[in-house]
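The values are calculated or read from the model by the stated rules, or taken from the named source; none is laboratory data. These numbers come from a predicted model, not from an experiment. Note that we place each Cβ from the backbone using ideal geometry, even for glycine, and neighbour counts take in every protein chain shown.
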Amino acid sequence: MKERIGVYICHCGGNISDYVDVERVRQAVENDRGVVLAKTTVFACSDSNQNDMVDDIKKHNLDGVIVASCSPKLHLATFRSVTERGDLNKYTYVHTNIREQASWAHSDDKIGATEKAILLVKAAIAKSRYAEPLYPNQFEAEKTIAVIGAGISGMKAAVSLSDKNTSVILIEKENKVGGHTATWGPLAMSDEKGSDLSHRIYSDLLQRDNVTVLTGSEVISSKGSIGNFTLKVRKRAQQAGDPVETMEFNVGSVVVATGFDPYLPKAGEFGFSSYENVITLPDFKHLIDSFSGKYLEYRGKRINRIAYIYCVGSRQVDGENRYCSRYCCTSVIHAAIQAKKKFKEIYNFHFNRGIRTYGKQELLYAESLQQGDIYLQSFEDAPPQVYAENGKTKVKIKDVLTKEKELEIEADLVVLVTGMVPRADNSIGTMFKLPKGRDKFFNEVHMKLRPVETVIDGITIAGTCQGPKNIVESVNSALSAAAKSYSYISKGMLETEPIVAEVNTDLCAWCGKCAEACPFDAIGQKDVNGKQVAVINNSVCKGCGMCAPVCPPDAINLINYSSEEIMSMIEQLAGG
Amino acid sequence: MASRINPKFSEELKKYGSVNFNACYNCGTCTAVCSLSTTDDSFPREMVRLSALGLENEIKESLKPWECYYCGECTTHCPQTANPGELMMSLRRWLTAQYDWTGLSGLFYKYLPAFLTAMALVLAGVLLFANSVNGELEKMLHFGHLFERTAIATVFVVIFIPNLLRMWYFTVVKPGGKVPLKTYFTALGELFVHMFTQKRAKECDDNHFRWLEHLILVFAYLLLLFTTVFLNWFSTGNLFVIILGYLESAFIFIITVDFVKDRIQKKKTLSKNSGPSDWFFVIWLLLMGLTAFLVRLFIDLNILEGNKWLYLFHITVLAQWALLIVPFGKWTHFLYRSFAMYFVKIKSVYPAQ
Ligand SMILES: Cc1cc2nc3c(=O)[nH]c(=O)nc-3n(C[C@H](O)[C@H](O)[C@H](O)COP(=O)(O)OP(=O)(O)OC[C@H]3O[C@@H](n4cnc5c(N)ncnc54)[C@H](O)[C@@H]3O)c2cc1C
Ligand code: SF4
Ligand code: SF4
Ligand code: SF4
Ligand code: SF4
């Protein structure tokens, strides 16, 4: 129980004091129980005030400090460190926001704003009485990192990690590495073959002592948390007669790079599976890469006129896939150019919804136009139609570039420009409880500022498992995920916030309600003197507080937010 | 009925001189900068689009290529260097070939050797004729004058009238317009105004000097034609007619020299891509003016008898001009353009369907 509390009430230049009578606030709290010092200050965050606070703590032998000022997002960390400089534990500091919550919110009611500020400060004093010194949880971290999925993203992440002082375990489900990239011939922009690119990186990986590549292998379970995950990996029999191996690895962090599935059109979607000459973009790429001959043929028939239908499975208005798959405009235009160069008498017709060859990829669009490819455009409400007439496959469209005139072509081949969708097999997502975004790909914490981290500490996401990307973008995100994963464990020791849940084992009767409520899987079960009780994994718990209110005997407290603290604050806010 | 796209059409159009129009990505900048394009009657993007799609029927129905006077603004501003101005020019050549029932226009535009052969044949004809009259100047002058009159009449009746009728059919009748007869008369003014003044070209920005040059050239040319054919310039003793002829022919060759200079310097957008038909047109016009001037001068100095070759040269240029360049070459643009403005006027007033 704190008995020597110092309270600082900030003017914030005028941001607060223009509406809140800060002097009245000071007077209202200066005689509260435990308060030995109450001051107002023009800028609490200024260097001079910070130094005054440090002196005050020492001179008045304070054991608790409160600043009533702006949002804790702005200055909680500032004043915690001031408290530390005064040789107090930083968690004894309590922050209260009378700017956003009082002066700015009630600029039309100065008296009301002042009264609210008084209550907020009184509540902070009530909380401060209970504030205990806390210490971050520290533990040792494994210096091995697992990468799941050996596509271009996983392999590049592994290369990057192996350059650092760590061991890497690269786990690939299929019997060969490279993912989709390994199946492509010449790639857009660079014209290097995807198979060559993938092979080059794989050869590099094989040279490295600190990398273990496991193909034909899957992670079947994961236990533990950041710094100490235990992964169980099952390696399939590579040849008949081989045993199925199960291995266990302890790793400090995991890079998930499980990639994407190409969208598979529904039966009848733009004639797919109704007409045999309607194929998907991946099929078309494989066709032009593998076919040799003067003229292109498909199923024994000569191909001259090719219709490409864009955005199939992407940018759906009614369907689930609202997003743009990003890679496909560029990839199909590149494939069309390749086809025209490689085979005679190819005419390309692009039925698009607006071309998205962003950045340097625009050059491909220009090249395709110059070689005479024809672009026809419609909006989402009037897609092109694929139909058969007199044994011919035809495509028609109301072209917005020609006054919505109805135009048609006879196509020897219709290529559906299919987008990317999340892997149908979500075993990894389920295992790690990775949240998914609106588009059903794995979700990052913040799309701009924390683009490769997940809310599960220690797990990063790389490449197309996070959303559609081309190879450049996949590799960018893989390198960044590798750096992030490495940074978790680079020191060998990990620290986590001490504000976590705490179980009173005397009260707990293990009903399991808390474990159900916890979104982070931080609650387990253990035996204490022959009784089953809940146990919190401190390195996983985020201190969100979901468990506390659901516990029937009130056996769970959140450290720093105990029931007593919260109740005493509410009492003050309700007017004492 | 949905229209059929024909990607091979661009290959055909290339033979008529189009450059890189496939690069168009339909931004519409060209239409926005064209000072002749209007909201209801917009070009050249639309024509670029129809050409890329190869919608021949739609192009054949269109009068828009004739509404363009090739100021070159669109080409200057096109971000894709798709050269819309040159495309409009090529479409005019292509349309000329479509209107021409003989098919010779198309042949001459597409295959230069065919045109050169025809030019050589005309030269041979002139030489044969000179031989058949034993090079007697008097007879040559007489026949020359006779030839001028018959050639003009024949080209008019055999080539121009049927071709104009075809143009009218393609652009007015076929698209289904029901035009009351009266409109043809009320719109007639448009035809003559445009034929003699090319007034729309003046609306093109920064083009006034060229427009003036063009206007003078048209008048000088038509007047010279009148002076030689009907006033018999080469044989007349009337001082006024003699001086008039000198002035007209001088104007013709001075202005055409300037045009040739532009095409050689390639400074203006419109003179950057000169096709053979463009070269023949200005050079032959220049030669006509020059040789006519010299022939009359030699007559006045009394030295033509000793320099019959000059007259032969003049009559060859004249015959090639009248038999090939006028009916099948660029000269027709002047005629079709005027009629196009007439038809545009007619189409704009007939009752909406
Ligand atoms: C038709 C087409 C053409 C393209 N053309 C180009 C182009 O020209 N240029 C370009 O830059 N990009 C192109 N792309 C995009 C490119 O293919 C992707 O950017 C790239 O493949 C993404 O790599 P990735 O490693 O993220 O995913 P993937 O290639 O999907 O690799 C993921 C890997 O993870 C493995 N995996 C999945 N689940 C598990 C699991 N549970 N356990 C273990 N392993 C698992 C998979 O087997 C696979 O090997 C094209 C894409 C398509 C569809
Ligand atoms: S990249 Fe192009 S084809 Fe692919 S979804 Fe986006 S707009 Fe459609
Ligand atoms: S505080 Fe949140 S994260 Fe921690 S155990 Fe409770 S519910 Fe789970
Ligand atoms: S400015 Fe060029 S690219 Fe744009 S519409 Fe005109 S021709 Fe096409
Ligand atoms: S050349 Fe001039 S008149 Fe012709 S379309 Fe272009 S901008 Fe218009």
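In table form, for the structure just shown:
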{"quantity": "Within the stretch B:14-46, tally of residues that are within 11 Å of chain A (Cβ to nearest Cβ) and within 23 Å of B:G103 (Cα to Cα)", "calculated": "1"}
{"quantity": "Selection count where residues are closer than 21 Å to A:P136 by Cα and in a loop (DSSP other than H, G, I, E, B), scope the stretch A:553-573", "calculated": "3"}
{"quantity": "Residue within the stretch B:89-97 that is basic (K, R) and surrounded by 18 or more Cβ atoms within 10 Å (Cβ to Cβ) present", "calculated": "yes"}
{"quantity": "Selection from the stretch A:24-48 of residues that are within 20 Å of A:K2 (Cα to Cα) and either among the hydrophobic types (A, V, I, L, M, F, W, C) or touching a Ser or Thr at 6+ places or on another chain (Cβ under 7 Å) (or both)", "calculated": "A:R26, A:A28, A:V29, A:V35, A:V36, A:L37, A:A38"}
{"quantity": "Residue tally, condition away from ligand 5 (no atom under 16 Å from the Cβ) and either without any contact (Cβ under 8 Å) to a residue 60 or more places away in the chain or closer than 18 Å to B:F280 by Cβ (or both), over the stretch B:75-101", "calculated": "3"}
{"quantity": "Residues of the stretch B:51-61 classified as within 13 Å of chain A (Cβ to nearest Cβ), touching a Leu at 6+ places or on another chain (Cβ under 9 Å) and surrounded by fewer than 23 Cβ atoms within 10 Å (Cβ to Cβ), total", "calculated": "4"}
{"quantity": "Strands (runs of 3 or more DSSP E) completely within the stretch A:316-422 that count 3 or more residues being within 16 Å of ligand 4 (Cβ to nearest atom), at the interface with chain B (Cβ under 10 Å from one of its Cβ atoms) and surrounded by 19 or more Cβ atoms within 10 Å (Cβ to Cβ)", "calculated": "A:374-377"}
{"quantity": "Checklist (1) outside the structural domain of B:G176 (by TED's automatic domain parsing); (2) farther than 30 Å from B:L215 by Cα applied to B:L121, failing item", "calculated": "(1)"}
{"quantity": "Restricting the stretch B:2-13 to residues that are under 16 Å from A:K403 (Cα atoms) and either touching a strand residue (DSSP E or B) at 6+ places or on another chain (Cβ under 6 Å) or more than 8 Å from chain A (Cβ to nearest Cβ) (or both), the residue that is surrounded by the fewest Cβ atoms within 10 Å (Cβ to Cβ)", "calculated": "B:A2"}
{"quantity": "Selection from the stretch A:490-530 of residues that are within 23 Å of A:F139 (Cβ to Cβ) and either within 16 Å of ligand 4 (Cβ to nearest atom) or of a type in the set (F, W, Y) (or both)", "calculated": "A:F520"}
{"quantity": "Matching residues, the stretch B:163-199, being farther than 29 Å from B:I216 by Cα, part of a helix (DSSP H, G or I) and in contact (Cβ under 8 Å) with a residue 12 or more places away in the chain", "calculated": "B:R166, B:F170, B:T171, B:V172, B:T183"}
{"quantity": "Strands (runs of 3 or more DSSP E) (entirely within the stretch A:96-176) containing at least 1 residues that are crowded, with 20+ Cβ neighbours inside 10 Å", "calculated": "A:144-148, A:167-171"}
{"quantity": "The stretch A:160-216, subset charged (D, E, K, R) and over 20 Å from A:V251 (Cα atoms), residue nearest to ligand 5 (Cβ to nearest atom)", "calculated": "A:D191"}
{"quantity": "The stretch B:14-28, subset closer than 18 Å to A:K403 by Cβ and surrounded by fewer than 22 Cβ atoms within 10 Å (Cβ to Cβ), residue nearest to ligand 5 (Cβ to nearest atom)", "calculated": "B:G28"}
{"quantity": "Strands (runs of 3 or more DSSP E) fully within the stretch A:467-552 counting 1 or more residues that are within 16 Å of ligand 3 (Cβ to nearest atom) and buried (at least 21 other Cβ atoms within 10 Å of the Cβ)", "calculated": "A:501-503, A:523-528, A:531-536"}
{"quantity": "Some residue of the stretch B:62-74 being more than 25 Å from B:E190 (Cα to Cα), more than 16 Å from ligand 3 (Cβ to nearest atom) and at pLDDT 95 or above", "calculated": "yes"}
{"quantity": "Cβ pairs under 7 Å, 6+ apart, first in the stretch A:187-201 and touching a residue at least 24 places away in the same chain (Cβ under 8 Å) and more than 14 Å from chain B (Cβ to nearest Cβ), second assigned to a loop (DSSP other than H, G, I, E, B) and within 16 Å of ligand 5 (Cβ to nearest atom)", "calculated": "none"}
{"quantity": "Candidate set from the stretch B:47-74 (those that are in contact with a Cys (Cβ under 8 Å, 6 or more places away or on another chain) and in contact (Cβ under 8 Å) with a residue 40 or more places away in the chain); member that is nearest to ligand 1 (Cβ to nearest atom)", "calculated": "B:A52"}
{"quantity": "Test result for B:V126, surrounded by fewer than 15 Cβ atoms within 10 Å (Cβ to Cβ), more than 14 Å from chain A (Cβ to nearest Cβ) and either in contact with a helix residue (DSSP H, G or I) (Cβ under 6 Å, 6 or more places away or on another chain) or within 22 Å of B:D41 (Cα to Cα) (or both)", "calculated": "no"}
{"quantity": "Within the stretch B:217-324, helices (runs of 4 or more DSSP H) holding 1 or more residues that are among the polar types (S, T, N, Q) and at pLDDT below 90", "calculated": "B:239-265, B:276-300"}
{"quantity": "Residues that are among the small types (G, A, S) and loosely packed, with under 14 Cβ neighbours inside 10 Å, drawn from the stretch A:218-247", "calculated": "A:S221, A:A237, A:A240, A:G241"}
{"quantity": "All positions within the stretch A:293-335 that are in contact with a helix residue (DSSP H, G or I) (Cβ under 9 Å, 6 or more places away or on another chain) and among the polar types (S, T, N, Q)", "calculated": "A:S314, A:T330, A:S331"}
{"quantity": "The stretch A:238-264, residues that are free of Cβ contacts under 8 Å to residues at least 12 places away in the same chain and of a type in the set (G, A, S)", "calculated": "A:A240, A:G241"}
{"quantity": "Conditions (1) closer than 29 Å to A:Y375 by Cβ; (2) not in a loop (DSSP other than H, G, I, E, B); number of the one not met by B:T96", "calculated": "(1)"}
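Conditions tested, residue by residue: (1) β-branched (V, I, T); (2) within 16 Å of ligand 4 (Cβ to nearest atom); (3) assigned to a loop (DSSP other than H, G, I, E, B).
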site: A:E218; (1), (2), (3): no, no, no
site: A:S221; (1), (2), (3): no, no, no
site: A:V233; (1), (2), (3): yes, no, no
site: A:M247; (1), (2), (3): no, no, no
site: A:A267; (1), (2), (3): no, no, yes
site: A:F270; (1), (2), (3): no, no, no
site: A:S274; (1), (2), (3): no, no, yes
